[in-house]
Every structure is written in C-alpha cells, then in structure tokens.
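Read through the structure below, which is laid out as structure tokens, and then see the notes.
The values are calculated or read from the model by the stated rules, or taken from the named source; none is laboratory data. Note that the structure is a prediction, hence the values are computed from the model and not measured. Note: ideal-geometry Cβ built from the backbone for every residue, glycine included; neighbour counts use all protein chains shown. Accessible surface is based on the protein model in full, side chains and every heavy atom, while ligands, DNA and RNA are left aside. Shrake-Rupley method; radii C 1.70, N 1.55, O 1.52, S 1.80 Å.
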Amino acid sequence: MERRLLLAVLLTLTSASSVFDGQKKDAGTCSGTKKTCGDAVASKAASKKAKAPLDVSVMWKKPEPPTKGHYYDEEKYDGRVAQAVLKKLEEKKYRVLEEKCSQLTGVCYEVADRVWRNPEGFEQNKWEMIRQIQLKGQVDYHFGRSLLIKPTELNWKTYDTKKWVINKYAVLDKEIQSLIGGITGSKAIPRNETDANGKEYQILLVGLGAPIIPNFMEQYHWMDMIVVEKDPIWNYFAGKWFNMRKHPNLRVLHADPISFMAFIVAQRHEIDAVIINTCKDYVDPRPCPADVYLERGTIEVIKNVVKEHSGMAGVNARSMESKHPIEVANAYQDSFPMCFDYPADHKQLTFERYKAAICYNREHPPFWHQSEKQYSTDSFHEFFFYI
C-alpha cells in the first residue's frame, strides 16, 4: 500500500496526462495540499480497483486451442472459397486500415494488416494475419506486430480483417520476446502469483509503439505497469486497433520519459523493471533504440531508476546490423554491473538482428551459471510459446 500511495503521489505531482482509447481524462480537481491530493488520488484508484477486479488467466501457460474462432482450425481452410479468400488477402503486400500523422512530430504512420508466412520452425510457411504500425509506405519499418486470431471459417463474410481479434498471448517480434524474457527469466517480476506472495511489483515501459508488452502482460495482476509515452498518437493506435484496454494495473502517461525518470530518481523511488521500447521515427538501419537512449547521461538516469540488487533494464536493440545489439549492451555495461545482448544463442533463434540488450543491477542473476561462466537461456525460452 505504501508503494502504491507513493506512486500515486508521484503521478499527481507531474503534469503528465493519462488517457485511454481516445477518451478524455478524468483528472478531477483538488484544492488541498500535495499530501491530501495524493491521498485522494490513491483512494480513488483503490476504489476503482475494488469495483473492477481483473479477470486473468493462469500466467505463462500456452492457451488451449479454443473450438471456435482460432487459427488452429486449419482444416476449415482447405475449401475452394477459403483458398480464393486467402489468395485475395495475399494479392496486396499489405492493407492499410488507417493513416494518421502525429501532431507532435508531423511524422505519418499507417496501421496495416498483411499475410505473413512463418519462415522457421515446425510451422514453417504456415500463414498468419498480422497487424502492425509502420512508417507511411514502409512495410518493413514497423513499430511492433500483433497476430490476429483467424475466424473459424474463412469465407467472404469473414474476409474483413478489421473485425478479426488481436491475439494478446502471441509475441511475434523476437526483440519483444527477449525483453519480456529478461523480466521474468531473472525474477525481477515473479512469473506467477505464488512467487509474488502478495507483494506489488512495478514495471516502467518507455515508449508504447504497438502495445505488445502491455497487452501480453496484463495477465500479471500482481504488478503495476506505467507506460510513459510522449506522443499521444501511440495511445490512439493502441486503443483503436490493438485492443489495449483500461484496467487498474495499467497507467499511460503523456510526458517526456527522461524527465519523468529523473523525477522518480529525485523522489528516491525505484522500479523493479524498466523497458526502453523507443525507436527512430525515420528509416534507419539501426532503428532501435532512439539515439537519446544511448547517451551516457540518459543511461545513468535509467540505472538509478532500476531497483538496486534485484531490478533489471531491457532495451529494444532491433537492427539491420548484427553488431548493433552488442554495441547497445556495451554502452549500458559502463553503468550497470551486468549487461548482454540477447538472444546470444543462435541455435534456437536464427534472427540475430532482432535482439535486445538486457541489464541487471547485480552481478549474477539467477540464470547465471557460476561454474560454467555463462548464461542459461533455458530460463528465457521456458516462458514463451514461439509462433
């Protein structure tokens, strides 16, 4: 309760705004002191939480294939009509659902659906429908991809992919898998309610993008996630096209992330896990992270936000150049006791350019094998089912 109250006071004192699904924020008014205002906000948050408990499933278990409305029913797609619909879907490289330009930067983005063929694994060449946010006209320069759940039967009545549902359990992008694995594989955030043992944990996500991480981790009802995003356009996309829902354990703040983290440090508050998920808003062979998150001063702020002796930081290091993730990890290594690029083992993940830099505020996290002087990737791979 003390942690929640402190966080409520922090959020009240900042000028950041919090909105969901394009709705106007309900900030309310308060004419009292900072302390009484903070108490009022915390009380209101607790009241909302009591009225709207989360309905969550068991964490870290692959969902059982439902009997209807899921892509496991492949035999329903063998008919002539289904094949004709699939051919029609594949005629275009991608289908733009909406184009919108940021009022903050002037950069224009597209939300697009497209057919994707799995290039690896036991389901190689199996087709899926994915939804992504991309720079206008740049299908390969995206800001996150989500799988859509296929309808039980593919025909002309179910052809419109706008009506297909987002699959929140599936994490398609390898770098996002690595970031989530970095949180749970190190036990910075417990992977089940038993390990949490009634304790509250906090995650700070810098940069929303396509909201893959908030959607996937809404199953963690024992943690609070704060998303700090400077540009409101991402929150608009997340609510309209990716089904990011409002719930008591998720706050989205419109604020400058670095200033917000500096404020947290000044208040002597620490976060269990910090995820840097920002990318450049122009075509670049090294898209992630944005340049400011490779500056020494910014890295020091991030390090000071992460809880000492147990916390972690993850940085999206997606790149077209294989050496870039290593360089990102090395940049953070100067401030953190331990950093590495993941996945370092290419036997299980062949996409070596789609990686993340993982850092810990301790020398030897649980998955470090002291005798072998190396990391165990089992702790990471255990928590995902790969597409």
Notebook entry, point to check: If r is the Cβ-Cβ distance from GLN138 to VAL81 and R0 is 41 Å, what FRET efficiency results, to the nearest 0.05?
Noted result: 0.80
Margin query: Against the empirical 2.2 N^0.38 Å scaling, what ratio does the C-alpha Rg of the stretch 202-323 come to?
Written below: 1.05
Notebook entry, point to check: Could you give me the ³J(HN,Hα) list for the stretch 314-320, computed from phi with Karplus coefficients 6.51, -1.76, 1.60 and θ = phi - 60°, whole Hz, x at Gly and Pro?
Noted result: x, 10, 5, 10, 4, 7, 8
Next item on the list: Tally up the carbon and sulfur contribution to the accessible surface of the stretch 201-303 as a whole percent, 1.4 Å probe, everything protein left in place.
Entry: 52 percent
Checklist line | Inter-site label distance for THR152 and VAL292 at 7 Å from Cα along Cβ, in nm | finding: 4.9 nm
Check: With every protein chain present, what is the per residue accessible area of the stretch 106-209 (1.4 Å probe, Å²)?
Finding: 36 Å²
Checklist line | Residue-span extension gain [ASN243 to LYS199] - 0.36 nm each, minus C-alpha spacing | finding: 13.0 nm
Check: With θ set to phi - 60° and the Karplus curve 6.51 cos²θ - 1.76 cosθ + 1.60, what are the ³J(HN,Hα) couplings of the stretch 256-273 in order, to the nearest whole Hz, using x for Gly and Pro?
Finding: 6, x, 5, 5, 5, 5, 4, 5, 4, 4, 4, 8, 6, 9, 10, 10, 5, 8
Item checked: Relative contact order (percent, whole number), the stretch 108-258, Cα cutoff 8 Å, 6+ residue spacing -> 17 percent
Note to self: Once you place label points 7 Å from the Cα toward the Cβ at TRP127 and GLU300, how far apart are they in nm?
What the structure shows: 5.5 nm
Check: Going down the table (LYS92/LYS174; LYS93/LYS126; LYS174/LYS246; LYS174/LYS199; LYS230/LYS280), which pairs top 20 Å between alpha carbons?
Finding: LYS92/LYS174; LYS174/LYS246; LYS174/LYS199
